[in-house]
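Asks: Take this structure, written in structure tokens, and hold onto it; I'll ask about it next.
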Amino acid sequence: MTALPPALQDWFDARGWQMHPHQETMLDRAGAPALLLIAPTGGGKTLAGFLPTLSELAEAPEPGLHTLYVSPLKALAADIKRNLRTPIEEAGLPIRVEDRTGDTTATQKKRQRADPPHILLTTPESLALLTSYEDAPRMFAGLKRVVVDEIHALAESKRGDQLMLALARLQTLCPDLRRVGLSATVDDPAQIAKLLARHPDPCEILEADPGPEPDIEMLVTDTPPPWSGGGAKYAIPAVLEEVRKHRTTLIFHNTRAQAEIFFHHLWLANEEGLPIGIHHGSLDRGQRERVEAAMVAGDLRAIVCTGSLDLGIDWGDVDLVIQVGAPKNVKRLVQRIGRANHRYNAPSKALLVPANRFEVVECVAALQAVKERDLDGEPRGPGPRDVLCQHILIAACAGPFDAEMLYAEMISAGAYAGLTRAEFDACLDFCATGGYALRAYDQWRRILQRPDGLWQLRDPRSALRIRQNIGTIQDTDTLKVRMRGRGGAPLGEVEEGFAASLTKGDTFLIGGRIVRYEGLRETVVEVSRDSAQKPKIATFMGTKFSTSTQLSHRIVRMCQQDDWPDLPEHTADWLRLQREVSRLPQPGRLLIESFPHDGREQLVVYGFAGRNAQQTLGLLLTKRMEEEGLAPMGFVSTDYATLIWGLDAVTDPRPLFDIARLEAGLDTWLAGNAVMKRTFRASAHIAGLLERQVGGTRKTGKQATMSSDILYDTLLKYDPDHLLMQITREEAMRGLVDFDRIREMTERVGDRIDLLHLTRVTPLAAPLFLEPGRVPIAGSADERLLEEEVTRLLDASGLAAVDAPARPVWRVPW
Amino acid sequence: MARGLSPLAPPRAVGKKQSMNRLAFDFHGAALAPLPSGALHWPAARTLVVSDLHLGKSARMSAGGGAALPPYDTRETLARLERDIAATAPARVICLGDSFDSGAIRAALPAEDRDRITDVQAGREWIWIEGNHDPGPADLGGTHRAELMLGPLTFRHIARADAAGEVSGHYHPKARLLLRGRAISRPCFLFDTVRLILPAYGAYTGGLFTHAPTLSRLMGAEAEAILCGATQMRLPMPRTEARRA
């Protein structure tokens, strides 16, 4: 075994600590070119990742960057900085640690480039930005290790793809760079290892002892949860009681809106004034930092939070985690449970609080899955090419590059190992001229090839614009919220679409308080204090999660039981009620419910086919409904059902499932739908066709939406095989299943379609109305609604009555 | 009220031919027909009016060092114009300004696009009104004017306070309506007793919502809007004051 340097060993001894076995192994294997550690949260994973660095620097301190630490969250970087300081200061090690995120000041960032610390903590986006500077080779010279924390979370998204491309860049600058990945428990470690290592090098996988079974239960309350709704207000007294019984409780929610509403109710019920805070990604940074600091100082008894606190942050004294709302996927649940009881080898304690009765079913299914250690995961395809386009532009910002070398570098990233030279050249051409069939921009190339064969920016000033648009996170466009008046306190952010729906005087919740909408000043939402007890408008959107397919399979199986001894009585009653007023889904048949709600006709198709298949089904059925003149307005899909709303009710579902008619004109319909346009918009931003930042002023989302739709329609008409259209199709198809699956379903079901006409929302359908990710359908419903509105306006204004022929027409004498 | 259809909003299933003139209205004694594309037809004067074509917009943005937008906007706009000219066979076409996205881009227009412009100009009077994006005479066929008076109407790019029978463009007006929780926005014509503002005709043109203070101040209280698109609609101009909760 490799010995620790004396200073560190003394520090361990002074605390009476011993290294965990996996920490020792990490030290032993410190020289491995790529190493993946899988350990449960609370297993000293981060220290395991840093021990080799601390050890090397303690023995032979050299100036310059030694270790780069990358995490998916800014908050995590800040937290790690705090945690690393303890051993460094107490062991008296001459090591400088700094973080660099979107929140770091410009002065500090500049200094870091000139004089980098030994350990730099950052995010994938900040790292991509660093590699775009001309002085990147100097800054990263001598870099020995890169530690990617929570790599399982990054591996699921384009942020991970971008990070791995940046690592490929660093590896070229520092050939001896060693890569370390830290991951929570996952279903397929080899998959992540493949992403981490330089392709085709192997990557060693180290699995730590998973620790004891977590202590996890569903919270039992006297009041049963409601049929639908996401607030879990019914559970407030029981949750408050748990907060009282524990030292520190984290209360997780799936969306920011739910967190706000829950916090509000919790605060109203908190008669003894327990110190409780709120933390989520929409809040102003200052507010978030105050809550984090209070938490670390042990001043808070509970924090109501969302995913912004989700990943591996070590908050010390947390002894209970409460998950409000269904955990949606099992992996996320297990990782959240890890927040509690950060002492290794002590079981984590967690409580699930379902918000409605369908979620009770989901929670019970999730608990069974955790017990069976049945983690879910979905494989990702090859690396997306929009990220590649951005990477080429980033490379051009850093200085002239050789296309051959850049290609070689890119295919050393696992996700891009299969990239062909032709595909790469198409991306390069896109970056240079737009890659259009019509060669219109040759004189205005964005990047051009010099006589010596290297590629460079045509206009060096465009580097600024490219840097401002680095990143792959597609935030919904948000607006800042501020108190009205000079120097009004910033409160946080809301989605632009939400802001657009507000009229003066509307009240809503943000940062745990009720505010009154005063108006929009440029791109800032101005609000004032309001003393109302209840906000008029309760929601703004938040992060969207979907239930994993594995979990939904468990739920179908539960629906098919004769009775439900595993479920609380109120939920079993609820399923029985569904069976009574409607039906429960049965294998080999397709259950469809039709009922009016909210001034529209609703259709629910319970396919239990997984979100992708249900999404495809939604697109297909709305196409057929449009053809049948039923004026569909939109749909939303979950793993188990698709809800379609429109102006007219479906009376006979069979023609809708006519396979030949479903297939006819499918391509046209798919090409024109909102899912494609949304996907195009995201990819166009990443690939650099659309800019979010122009000279420091951000385009408002409305303008961006408008222009990206126009661009999409133009390309579809004049250049349907353009690279971005190919990328859009690939991306959208990741979220849709191919037609064969639908064909198979219609064949299997045949005419065993049960359409039930009901008068109101059914128990099983109720939760669908809360589902985010609604897809609007632009069709005849628009025109009919317009006519209604115009008629109403004309009647209201009296114009309809005065449409008599006007004055005599003046004749033009020529 | 039943889904009654007022005389101003006829049933949606009207034939194309019929829909051309169904929203014709009288403006200072001229009988004008707004087309679904955003062009204005004055049959009695055999005149077609279009505003804010912004030809060459994508090329101008690309020249500025930004991303290269799909370079199909100019041909798309010209295709629209060709269609409207074929349908109305005007003796005179008035382009109400900002026909080109910039003077420089006008000069750099590809030969193919210039040829198409020359083709549609053949056999008719063609008037380029000066806009803020394209001041100065064009090196293309047609007459160049700062403004033009024709019978009871005055054609200029930007509306003036002392307007009377004025037809202008510039603002790219766009109406936004909230319909049972769904927002629909469409380019639109705006008119009151003294002025008429045309929507932008170009493919890559954004718009200014009629709720914007600039447009609300400019247009009289009785102003109306006519929406472009498959189903043309005439309605009171949507304004901030009229906005419902």
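Each reported figure results from applying straightforward, stated rules to the coordinates on display, with no laboratory input. Computed from a predicted structure; not experimentally measured. In this analysis, Cβ positions are derived from the backbone assuming ideal geometry, glycine residues included, and neighbour counts consider all displayed protein chains.
Asks: Between beta-carbons, use under 11 Å as the cut-off and find the net charge around residue B:139, counting Lys and Arg +1, Asp and Glu -1. Don't skip to the answer; put the middle values down first.
Replies: On the way: positive: B:106, B:114; negative: none.
That works out to +2.
Asks: Here is a further query. May I ask for the Rg/Rh ratio of the stretch A:108-181, computed from Cα atoms with Rh as the Kirkwood radius, given to two decimals?
Replies: Using only Cα positions, Rg/Rh for the stretch A:108-181 is 0.94.
Asks: Here's something else I'd like to know. Output the Kirkwood hydrodynamic radius of the stretch A:381-498, Cα pairs only, in Å rounded to one decimal.
Replies: 16.7
Asks: Tabulate in residue order the Karplus-calculated ³J(HN,Hα) for the stretch A:22-29, using 6.51 cos²θ - 1.76 cosθ + 1.60 with θ = phi - 60°, rounded to whole Hz; enter x for Gly and Pro.
Replies: 6, 5, 4, 4, 4, 5, 4, 8
Asks: Place a +1 charge on the Cβ of each Lys and Arg in the stretch A:1-129 and a -1 charge on the Cβ of each Asp and Glu, then give the dipole magnitude about the Cα centre in debye, rounded to the nearest 20.
Replies: On the way: 13 positive and 15 negative charges, 109 e Å.
That gives a dipole near 520 debye.
Asks: At each listed q (0.04 Å⁻¹), what is the log10 of I(q)/I(0) that the Debye formula gives for the protein assembly as shown modelled as equal alpha-carbon point scatterers?
Replies: Log10 of I(q)/I(0), two decimals: -0.23.
Asks: Can you flag which of B:57/B:174; A:45/A:81; A:74/A:109; A:45/A:110; A:74/A:480; A:45/A:371 are past 21 Å Cα-Cα?
Replies: Details: B:57/B:174 19 Å; A:45/A:81 15 Å; A:74/A:109 15 Å; A:45/A:110 31 Å; A:74/A:480 19 Å; A:45/A:371 23 Å.
In this structure, A:45/A:110; A:45/A:371 exceed 21 Å between Cα atoms.
Asks: May I pose another question? Which FRET efficiency, nearest 0.05, do residue A:217 and residue A:29 yield, Cβ-Cβ r, R0 25 Å? Walk me through the intermediate numbers first.
Replies: On the way: r = 38 Å, r/R0 = 1.53.
E between residue A:217 and residue A:29, to the nearest 0.05, is 0.05.
Asks: Can I ask one more? Any idea what Rg and Dmax come out to for the stretch A:6-207 if you just take the C-alpha atoms, in Å?
Replies: Rg and Dmax of the stretch A:6-207, Cα atoms, are 15.9, 47 Å.
Asks: Under the 0.36 nm per residue contour assumption, what length would be gained going from the current alpha-carbon distance of residue A:726 and residue A:648 to full extension? Kindly include the intermediate steps, with their values, before the conclusion.
Replies: Numbers: separation 78, 0.36 × 78 = 28.08 nm, distance 3.55 nm.
In short, 24.5 nm is gained.
Asks: Moving on. Looking only at other chains, what is the average number of their beta-carbon atoms within 10 angstrom of each beta-carbon in B:50-63?
Replies: So the per-residue partner count for this stretch is 2.
Asks: Calculate, for residue A:267 and residue B:230, the FRET efficiency according to 1/(1 + (r/R0)^6) with r their C-beta to C-beta distance and R0 35 Å; round to the nearest 0.05.
Replies: Details: r = 51 Å, r/R0 = 1.45.
That gives a FRET efficiency of 0.10.
Asks: At 10 °C and 1.306 mPa s, grab the translational diffusion coefficient of the stretch A:351-437 from Stokes-Einstein with a Kirkwood Rh over Cα pairs, rounded to a whole number in µm² per second.
Replies: Diffusion coefficient, whole number: 96 µm²/s.
Asks: Is the stretch A:160-279 best put as rounded, prolate or oblate by its Cα gyration tensor, with a ≥ b ≥ c the root eigenvalues, rounded for a/c under 1.5, and otherwise prolate when a/b is larger than b/c, oblate when not?
Replies: Judged from the Cα gyration tensor, the stretch A:160-279 comes out prolate (a/c at least 1.5, a/b above b/c).
Asks: Shielding of A:440-453 by partners, i.e. mean partner chain Cβ atoms within 10 Å per residue?
Replies: Counting Cβ atoms of other protein chains within 10 Å of each residue's Cβ and averaging gives 3.
Asks: With a cap of 11 neighbouring Cβ atoms within 10 Å, and only residues DSSP puts in a loop, list the trypsin sites (Lys or Arg not before Pro) found in the stretch B:152-245.
Replies: Filter output for the stretch B:152-245: B:244.
Asks: Can you compute the radius of gyration and Dmax for chain B, using only the Cα atoms, both in Å?
Replies: 17.8, 57
Asks: Tell me, what HN-Hα J-couplings in whole Hz come from the Karplus equation 6.51 cos²θ - 1.76 cosθ + 1.60 at θ = phi - 60° for each residue of the stretch A:575-590, using x for Gly and Pro?
Replies: Couplings: 5, 4, 5, 4, 5, 6, 7, 9, 7, 9, x, 10, x, x, 10, 10 Hz.
Asks: Next question, about the same structure. To check my understanding: the extent here is largest minus smallest coordinate of the Cα atoms along each principal axis. What are those three numbers for the stretch A:544-694, in Å, largest first?
Replies: Result for the stretch A:544-694: principal-axis Cα extents of 58, 36, 31 Å.
Asks: To continue, here is another question. Assuming a ≥ b ≥ c are the square roots of the Cα gyration tensor eigenvalues, decide whether the stretch B:91-140 counts as rounded (a/c under 1.5), prolate (otherwise, with a/b larger than b/c) or oblate.
Replies: oblate
Asks: Hey, another quick one. By the scheme Lys and Arg +1, Asp and Glu -1, what is the net charge of all other residues having a beta-carbon under 10 Å from that of residue B:229?
Replies: Taking every other residue near residue B:229 into account, the sum is -1.
Asks: Choose one of B:146, B:95, B:123: the residue whose Cα lies farthest towards the positive end of the charge dipole of the stretch B:69-224 (beta-carbon charges +1 Lys, Arg; -1 Asp, Glu; about the Cα centre).
Replies: Toward the positive end, the furthest listed residue is B:95.
Asks: Here's something else I'd like to know. Can you work out ³J(HN,Hα) from phi for every residue in the stretch A:49-65, in order, using Karplus 6.51 cos²θ - 1.76 cosθ + 1.60 and θ = phi - 60°, giving whole Hz and x for Gly and Pro?
Replies: Per-residue couplings from phi come out as x, 8, 3, x, 5, 4, 5, 5, 6, 5, 7, 9, x, 10, x, x, 6 Hz.
Asks: Shifting gears a bit: For a quick check: with amide H placed at 1.01 Å from N, whose amide H comes under 5 Å from residue A:756's, ignoring anything fewer than 5 positions away on the same chain?
Replies: A:592, A:593, A:594
Asks: What value in Å³ per residue do you get for the convex hull of the alpha-carbon atoms in the stretch A:420-475? Mind dumping the intermediate values first?
Replies: On the way: hull volume 7.2 nm³, N = 56.
In the stretch A:420-475, the Cα hull volume divided by residue count equals 128 Å³.
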